[in-house]
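Below is one structure, written out as structure tokens; the observations come after it.
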Amino acid sequence: MKIARNYTSNLIDELLNEISPEEREITDKRMLLAATIDEAIKAKGWKKKHFAEAMNKVPSEISKWLSGTHNFNTDTLFEIERVLNINLINVLDSSKETFFKFEFNVPQKLENVQNSAYYDFSSKNSTVNYTCLI
């Protein structure tokens, strides 16, 4: 059984201090992406060699992907999703609200109505909620 131990290094600390928060976030996301792919490979009961065959790649390229430093293109990520039957990129995220704001003129035929109205639309689950300030 392997026991984890803390490792400290002044060199590693210096390198980490030179990385901007943005670069650190990107690196963290790349590592999480690699870990997700690796877990999906294991969940299928595959070795990296089997995954490489399914992707029509050489095992050394898969090792590079799983290092957490590879900059994937979207086509490769979509192919990985297909082969492993997982979701890595969610471009259809409907959990976020979309707001539309616009102004338009209102005819002066009605009493006490201003020349313009302000609408704030919030779209969620095919329902449109709106507020009209006139």
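No lab work stands behind these numbers, since they all come straight from the coordinates. From a predicted model like this one, the values you see are computed outputs, not experimental measurements. Note that each Cβ is placed from the backbone with ideal geometry, even for glycine, and that neighbours are counted across all protein chains shown.
Jot down the radius of gyration and Dmax of segment 10-84, Cα atoms only, both in angstrom.
Over segment 10-84's Cα set, Rg and Dmax evaluate to 14.3, 42 Å.
With a sphere of radius 13 Å drawn around the Cβ of Phe72, what net charge do the other residues whose Cβ falls strictly inside it have (Lys, Arg +1; Asp, Glu -1)?
With Lys, Arg at +1 and Asp, Glu at -1, the neighbours total 0.
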